[in-house]
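The values are calculated or read from the model by the stated rules, or taken from the named source; none is laboratory data. Bear in mind that the values here come from a model prediction, so they are computed numbers and not experimental data. So basically every Cβ, Gly included, is an ideal-geometry build from the backbone, and we count neighbours across all protein chains shown. Remember, those area values only see protein heavy atoms, side chains included, never the ligands or the DNA or RNA. Shrake-Rupley method; radii C 1.70, N 1.55, O 1.52, S 1.80 Å.
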Amino acid sequence: MKIYTKDTVTFLSIPSPTGDISGIASALYELGGMVAIHDPSGCNSTYNTHDELRWYDHESYIYISGLNARDATMGNDAKFINDIVNAATSLDPSPKFIAICGSAVPYINGTDFKAIAKLVEKYTRIPSFSITSNGFHDYVTGAGEALLEYAKKLLPKEKRNKTNENITLMSNPDLKPSKPLFANILGMTPLDYGNFNSKESLRRLLLDANIKINAFFPNVESGDDVEKLLSADINILLSSVGYPLAKYLESDFEIPFVPGLPLDDFLRDHLDFPDFLPAAKDNYTPPKEGFKKISIIGEPVIAAFIGGIIERSFPNTRCNTVCPMESDGLFLRSEDVRSISELKIRSSIRDSDMVVADPLYSPIIRDNVPLIPLPSLGISGRMYEADFIDYFDREDFSKKILYPVKEAL
């Protein structure tokens with residue numbers, strides 16, 4: 001895997017991914033809590049509208065402190081604390097938790113958000129926690145940190161006492177489970193999965209494979225009873241957003257996780273987890289000559305899934321992931337690239353015969369190279385909302401990805 005660690009972060013022609021603060025607001029949106037962001041007034045329109053689709057259905061408790069120049073210079077943490085306490089105690093129903101995070105100015109000033117969270121919890125008697133953020137990172141970092149801190153605060157500290165015979169089947173895909181396998185779905189936020197039909201499509205696919213969804217997380221269902229997360233046999237990681245939480249549930253509660261999206265072979269063989277992992281693509285050997293190189297720019301777990309489907313559907317292709325996010329390298333292969341520099345992204349797709357990416361990446365793609373649109377809320381916002389893909393609907397995925405690839409080949 002090629003990781004460019006000394007890149008100059010420059011976005012001249014393409015947008016940068018959605019920021020960490022929006023990731024926090026998105027991850028905690030449906031969990032019934034209150035998110036307090038220490039930031040100048042006006043910025044909440046970005047977190048709550050431009051990077052959010054769910055306001056049309058239901059609102060969430062997301063507040064901005066309205067940080068002014070004087071308070072930014074002098075601190076005045078007492079005002080911030082009082083505002084949070086007053087807002088939280090006046091809400092009906094009361095928030096189930098209070099999450100506190102900051103932007104660039106309080107980060108530079110060294111605001112002690114952990115201490116603020118402790119005082120807020122003391123005054124409100126509502127579970128409160130802080131999330132590290134400063135606006136300099138992307139939504140994968142912010143949302144991942146938010147889900148991890150939420151779980152650490154609200155999940156019980158004792159180890160779960162639960163075993164399931166189905167777990168032993170993961171090492172032997174030829175066996176079929178005698179009873180349903182219960183799975184948590186982690187990391188399915190609108191920033192990556194903007195098509196709201198995806199949830200029910202995934203539920204139907206997994207039920208056909210005798211796998212029942214224990215909880216979508218983050219989601220209203222899991223927010224009503226967070227301890228329900230501990231009743232699962234396995235965590236299915238649909239994006240790198242859920243990776244910190246998946247690691248925590250594995251280390252502290254012994255619930256294993258598998259990253260990737262369900263492929264056809266996975267559903268047919270029920271528990272063929274080696275086929276389910278993006279890393280399994282490393283076993284694929286493209287033709288020595290005459291193959292087409294296809295670069296997929298985007299979130300690495302989803303990109304690996306798309307690449308795997310394309311390679312299986314068209315044997316004369318080789319796909320690689322170009323990740324413009326601060327994702328963990330676990331999800332990338334040796335030929336994949338991770339970079340947050342437009343120049344490096346541009347150079348990494350220079351020899352590509354085709355690119356699958358958000359339409360706003362078109363300025364860095366050569367004129368004679370086909371671009372297969374892969375719109376994402378975390379890149380282009382709501383500009384291409386009507387074209388968001390339902391990755392778990394065979395017809396929709398074929399129409400928007402496989403058929404255009406076939407035409408371009």
(message) Distance between the C-alpha centers of the range 45-87 and the range 116-138? Whole Å please.
(response) 12 Å
(message) What does the charge count around L148 come to, taking other residues whose C-beta lies under 12 Å from its C-beta (Lys +1, Arg +1, Asp -1, Glu -1)?
(response) 0
(request) Might you report the magnitude of the Cβ-based charge dipole of the range 78-166 about its Cα centre, with Lys and Arg at +1 and Asp and Glu at -1, to the nearest 20 debye? (result) 400 debye
(message) Percent of Cα-Cα pairs more than 19 Å apart in the range 352-409, please.
(response) 30 percent
(message) Amide H of T317 versus every other amide H placed in the peptide plane: which residues, excluding those fewer than 5 positions away on the same chain, fall under 5 Å?
(response) K292
(message) From the protein chains alone at 1.4 Å, what is the descending order of accessible area for R203, R70, largest first?
(response) R70, R203
(message) Checking the table K344/K406; K96/K157; K152/K212; K153/K199; K118/K153; K212/K399 against a 21 Å threshold on Cα-Cα, which pairs fail?
(response) K344/K406; K152/K212; K153/K199; K212/K399
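Considering all projection directions equally, how large on average is the shadow of the alpha-carbon convex hull of the range 51-148, in square nanometres?
6.9 nm²
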